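Structure first, commentary second.
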Amino acid sequence: MQMTEDLIRNVVQQVLSQMGGSSPATNGKATAKPTGQWGIYPTADAAVTAAEAAFQEYRTRPYGDRAKAVECIKRICVEQAEELGQAEYDETKIGRLDHKIAKLRDAIPKAPGVEFLRTDNASGDNGLTLTDYAPFGVIGAITPVTHSLPTLAGNAINMLAAGNTVVFNAHPSGAKIAAEGVRRFNKAIQQAIGLDDLLTIIDPPTLESASALFDHRGVRLLVVTGGPAVARAALASKRRAVVAGPGNPPVVVDSTACLDNAARSIVAGAAFDNNLLCIGEKQVFAVADIFDKLLDTVSRNGGYRLNSSQIDALTKVAFKLGDDNALHVNKDLVGQDAAVLARYAGVEVPQGTQIVYGETGADHPFVEHEQMMPFIPFVRVSNVDRAIAMAKQSEHGYGHTAVLHSRDTSVMSKMGKLMDCTVFVINGPSPAGLGLGGEGTLSFSIAGPTGEGLTTPLTFCRQRRTAVIGSMRFV
């Protein structure tokens, strides 16, 4: 335990910034269900204890009650999207209000629920064997500031559909909207099926509460969505963890691509919520024979091109030298509008500009770092094989997301195999890989480091086998 606790305290300190106070925890020794207010509890122990009691009731309920609970969350996200999106934007002060609203109103209804569950079977001369997907129990979930309520809501839908209850520890910069979401969801669920505390949250989140949640003996599964530090903490834990870690998604554009579609897609994906999405286009490698035409096309689709001196001015503000003598992203610029970045570059851009962009070298900080800003560096490359190799290098082995614009199927196969990413989008904007404009289900937790991929209710289930010997064969 000591190794895990020390590691968690070290890395969560980096991730859960702006914390105050401390919360004592008894590490699972409480015996009575504490009193909370619609799932909101002051300590990890109180929240876990309440979630454990709720699970014992929830596990006896039919799938129909799970479906009703999930529907409550989806309905609130749709009907109250403008109010909740505004509240998240006001608290976090990053991203775009219209996209905060869209993530709740348009994206959350695509999160899979009980319909995703199944029973596998094997039937033969020796009888029937069933494999069912059962809940773990209480899940401890860490959520990020970039998509505070959407990540919480999407996780809650998947986890409740699977039959679990949840304890959330939100990023402190998005803690108020996360707690408000839990409060509203729980009220609606209680009215629908008569159960409290299926979702709980620690409020306020602290360094102590995060560490206590990782260590709590009542937590059966950890689910962590966040950057490198918190992902490392989860991977080092002795408890099983589903980890959605960082990405630095590259884009490759070859000479066969439809440049109009490529430009529209790059702008749409990189501009979404000001590039806060972990799958969002972060850097582009384009072959030389179409490079200039592609950049001209981007300017006709909402992009504003910066020259080299303007890029240099922006870079000096966007990255700061840390105590470790390494460059770090300036958090004050994360998720800000393209117009704000442009002013730091020394230029005023037309109203409606979606991204700023320009040509850089492959070793530029905007290429190397997951910067989460609507500035996109474009790198000129001699040929597509070189572009794919440089894209691989810039992704840093995260195995998260890659994007390709090409009409050559051999290039598609080559890049898909080499990148080996959890999400690979071809000829579209990155959100299409989450089912937003593409096919498939939605998830705001993409578990690359632990291999589960885009999370679904099945991600939060354990398999149980039942074998009936010598009977139940009807053919």
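The values are calculated or read from the model by the stated rules, or taken from the named source; none is laboratory data. On a predicted model such as this, the values are computed, not experimentally measured, just so you know. Here the Cβ positions follow ideal geometry from the backbone for every residue, glycine too, while neighbour counts run over all protein chains shown. All accessible areas refer to the heavy atoms of the entire protein, side chains included, with ligands and DNA or RNA removed. Shrake-Rupley method; radii C 1.70, N 1.55, O 1.52, S 1.80 Å.
Data for the structure
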| quantity | calculated |
| --- | --- |
| Tally of residues being part of a helix (DSSP H, G or I), without any contact (Cβ under 8 Å) to a residue 40 or more places away in the chain and within 23 Å of the chain's Cα centre (by Cα) across region 318-343 | 0 |
| Restricting region 395-432 to residues that are in contact with a helix residue (DSSP H, G or I) (Cβ under 9 Å, 6 or more places away or on another chain) and small (Gly, Ala, Ser), the residue that is farthest from residue 454 (Cα to Cα) | 406 |
| Selection count, region 270-300, where residues are aliphatic (A, V, I, L, M) and surrounded by fewer than 20 Cβ atoms within 10 Å (Cβ to Cβ) | 2 |
| Single unsatisfied condition, residue 261 versus (1) of a type outside the set (A, V, I, L, M); (2) open to solvent by 20 Å² or more (accessible area, probe 1.4 Å); (3) touching an Asp or Glu at 6+ places or on another chain (Cβ under 8 Å) | (3) |
| Wholly enclosed strands (runs of 3 or more DSSP E) of region 114-159 bearing at least 2 residues free of Cβ contacts under 8 Å to residues at least 60 places away in the same chain | 119-124 |
| Test: residue 207 is closer than 21 Å to residue 104 by Cβ, surrounded by 19 or more Cβ atoms within 10 Å (Cβ to Cβ) and in contact with a helix residue (DSSP H, G or I) (Cβ under 7 Å, 6 or more places away or on another chain) | no |
| Filter result for residue 240 (without any contact (Cβ under 8 Å) to a residue 40 or more places away in the chain, farther than 19 Å from residue 444 by Cβ and open to solvent by 10 Å² or more (accessible area, probe 1.4 Å)) | yes |
| Near pairs, Cβ below 6 angstrom, 6+ apart or cross-chain, from region 30-42 (modelled with pLDDT of 70 or more) to any residue that is open to solvent by 40 Å² or more (accessible area, probe 1.4 Å) and outside any strand (DSSP E or B) | 38/183; 38/187; 40/203 |
| Strands (runs of 3 or more DSSP E) completely within region 210-290 that count 1 or more residues being among the aromatic types (Phe, Trp, Tyr) | 283-287 |
| In region 333-343, residue surrounded by the most Cβ atoms within 10 Å (Cβ to Cβ) [restricted to those that are within 20 Å of residue 92 (Cβ to Cβ) and out of contact with any Phe, Trp or Tyr (no Cβ under 6 Å at 6 or more places or on another chain)] | 338 |
| Test: residue in region 390-398 that is open to solvent by 60 Å² or more (accessible area, probe 1.4 Å) and over 20 Å from the mean Cα position of the chain (by Cα) | yes |
| Output for region 412-431, where each listed residue is more than 20 Å from the chain's Cα centre (by Cα), open to solvent by 10 Å² or more (accessible area, probe 1.4 Å) and more than 19 Å from residue 271 (Cα to Cα) | 412, 413, 414, 416, 417, 418 |
| Unmet requirement for residue 47, which otherwise passes all of (1) open to solvent by 60 Å² or more (accessible area, probe 1.4 Å); (2) closer than 23 Å to residue 213 by Cβ; (3) touching a residue at least 24 places away in the same chain (Cβ under 8 Å) | (1) |
| Residue check for residue 346: part of a loop (DSSP other than H, G, I, E, B), touching a Pro at 6+ places or on another chain (Cβ under 9 Å) and not polar (S, T, N, Q) | no |
| Region 438-458: number of residues that are free of Cβ contacts under 8 Å to residues at least 60 places away in the same chain and out of contact with any helix residue (DSSP H, G or I) (no Cβ under 6 Å at 6 or more places or on another chain) | 5 |
| Single residue of 365, 374 found to be under 19 Å from residue 96 (Cβ atoms) and surrounded by 15 or more Cβ atoms within 10 Å (Cβ to Cβ) | 374 |
| Breaking point among (1) open to solvent by less than 10 Å² (accessible area, probe 1.4 Å); (2) closer than 22 Å to residue 215 by Cα; (3) touching a strand residue (DSSP E or B) at 6+ places or on another chain (Cβ under 7 Å), for residue 137 | (3) |
| Residue under evaluation residue 326, criteria (1) among the hydrophobic types (A, V, I, L, M, F, W, C); (2) over 26 Å from residue 445 (Cβ atoms); (3) at pLDDT 95 or above, criterion not met | (3) |
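Residues checked against (1) modelled with pLDDT under 95; (2) of a type in the set (Gly, Ala, Ser); (3) touching a Cys at 6+ places or on another chain (Cβ under 7 Å); (4) open to solvent by 40 Å² or more (accessible area, probe 1.4 Å):
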| residue | (1), (2), (3), (4) |
| --- | --- |
| 225 | yes, no, no, no |
| 231 | yes, yes, no, no |
| 266 | no, no, no, no |
| 302 | no, yes, no, no |
| 310 | no, no, no, no |
